[in-house]
């Protein structure tokens, strides 16, 4: 019959083998301490980003939610998911590696190896408090902080490339045109001054001055119309690219601008628009915005646009093509702007013809003064539109709100000496107790075998 083992027996075994247990415990704790002291110190720095409200009205914020990276498995949908996905992407890691020259810092043999090391040392997570935390580890405290903060820069850079909005494209275009116009204005002023110095002509008649002022105003309107037309063409191109893919899936044809422009009724109304836009430009110069003739002509132009839109919708249905109300509106706007541009061009040519009837020297002086006035008017128009584009771009941009930038930590995060000693101590106690019972069991087993042999 087997003897039952009591608690007293267990305690006796532990007391008997306490030397083993204490020795193993001390060796483990001292070993953990020495290991922690000798191991290279690792520092951790954390940056925190505040997520934008998904209910906001920012156009770019809404676009960011619709990016194809939304819906990654394991991540919530929306802006937060996209931010996390971008931060975890290879593109973000490559940006940080190149910006901080981490390939040399990590002594990596290749860029890919450096990226792999970086991604293992960085933890990115979103929290319930609507924030994203970027924690980076490095042997140098400043480098750890730099990595976390550079990830924020990477996020800004990548999202800005995703968010190349129409306002941003317009701002870049206007910025370029503004510089070109500034150079053209400077050259026109230089030519005028050189002519006046050579021929001692500094003034022209009041009638000619009025003619030049009108031409400058018309040229400014033409420049503004051309910029607006370029923007509409860009919007139509983007919309048609989207619709083209849908049309292919549905097996339908796409309503094109060529189809619209070739329609006889559209052509007829386009000619009326050209005439009305030219007349409107003249009336605006003579009477201003509030004159009854101006108001009446604007109403006629609006009515032509309305009828044109209805005709385009009818044409689309008759042909069975794929289209949208946005494309109808943009098509009408494009035709209207083209008509306005053509009307203004014809009007400017008529003014130029009047100018050409002046005496030779007066004609040259008038044209030089006209060039200066034209460039001044264009520069003023472009400056106004450039400022408006900057405001629109700022409204559309997705602002990365940084709650906390990472700072170099004062204390290392790894190795944690106390934690390592605690783990080693607990593990060694279990090992020591197990060894004590095993040795006692082995001793008793040998004694029983010896007794059996003797008997």
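The values are calculated or read from the model by the stated rules, or taken from the named source; none is laboratory data. Just so it is clear, the model here is predicted, and its values are computed rather than measured. With ideal geometry, Cβ positions are generated from the backbone for all residues, glycine too; neighbour counts draw on all protein chains shown.
Taken together, the criteria exclude residue 369 from residues that are surrounded by 19 or more Cβ atoms within 10 Å (Cβ to Cβ), in contact with a helix residue (DSSP H, G or I) (Cβ under 9 Å, 6 or more places away or on another chain), over 18 Å from residue 220 (Cβ atoms) and in the same structural domain as residue 194 (by TED's automatic domain parsing). Just one of the numbered conditions (1) over 21 Å from residue 407 (Cβ atoms); (2) more than 26 Å from the chain's Cα centre (by Cα); (3) part of a helix (DSSP H, G or I) is not true of residue 93: (2). Looking at the range 388-404, is at least one residue at pLDDT 80 or above, outside the structural domain of residue 187 (by TED's automatic domain parsing), surrounded by 15 or more Cβ atoms within 10 Å (Cβ to Cβ) and within 35 Å of the chain's Cα centre (by Cα)? Yes, the range 388-404 contains a residue that is at pLDDT 80 or above, outside the structural domain of residue 187 (by TED's automatic domain parsing), surrounded by 15 or more Cβ atoms within 10 Å (Cβ to Cβ) and within 35 Å of the chain's Cα centre (by Cα).
Consider residue 47 carefully, then state whether it is at pLDDT 80 or above, under 19 Å from residue 154 (Cα atoms) and not in a helix (DSSP H, G or I). Write out each step before concluding.
Values: at pLDDT 80 or above: yes; under 19 Å from residue 154 (Cα atoms): yes; not in a helix (DSSP H, G or I): yes.
Judged against the criteria, residue 47 is a match.
Picking from 189, 170, which residue would you name as being at pLDDT below 80 and in contact with a helix residue (DSSP H, G or I) (Cβ under 6 Å, 6 or more places away or on another chain)?
Values: 189 fails: at pLDDT below 80.
Exactly one residue qualifies, and that residue is 170.
When residue 318 is tested against (1) without any contact (Cβ under 8 Å) to a residue 60 or more places away in the chain; (2) buried (at least 18 other Cβ atoms within 10 Å of the Cβ); (3) farther than 17 Å from residue 225 by Cα, only condition (2) is not met. Scanning the range 109-143 for residues that are free of Cβ contacts under 8 Å to residues at least 24 places away in the same chain and part of a helix (DSSP H, G or I) yields a count of 7.
Taking the conditions (1) assigned to a helix (DSSP H, G or I); (2) modelled with pLDDT under 85 in turn, residue 298 satisfies each one other than (2).
Of note, residue 301 does not satisfy the criterion of being in contact (Cβ under 8 Å) with a residue 60 or more places away in the chain and closer than 19 Å to residue 330 by Cα.
Identify all residues within the range 19-33 that are under 53 Å from the mean Cα position of the chain (by Cα) and more than 10 Å from residue 417 (Cβ to Cβ); write none if there are none.
First, the residues of the range 19-33 that are under 53 Å from the mean Cα position of the chain (by Cα): 29, 31-33.
Within the range 19-33, 29, 31 meet the criteria.
Out of 101, 82, 130, one residue alone is at positive phi and either modelled with pLDDT under 85 or not assigned by TED's automatic domain parsing to the domain that holds residue 47 (or both). It is 130.
Among 223, 303, which is the only one that is in the same structural domain as residue 376 (by TED's automatic domain parsing), closer than 26 Å to residue 350 by Cα and modelled with pLDDT of 75 or more? None of the other options fit; the residue is 223. Per this entry, residue 362 is not counted among residues that are exposed (fewer than 13 other Cβ atoms within 10 Å of the Cβ), more than 44 Å from the chain's Cα centre (by Cα) and either on the phi > 0 side of the Ramachandran plot or modelled with pLDDT under 80 (or both). Let me confirm something: among 117, 147, which residue is more than 14 Å from residue 49 (Cβ to Cβ), modelled with pLDDT of 85 or more and out of contact with any helix residue (DSSP H, G or I) (no Cβ under 7 Å at 6 or more places or on another chain)? Exactly one of 117, 147 is more than 14 Å from residue 49 (Cβ to Cβ), modelled with pLDDT of 85 or more and out of contact with any helix residue (DSSP H, G or I) (no Cβ under 7 Å at 6 or more places or on another chain), namely 117.
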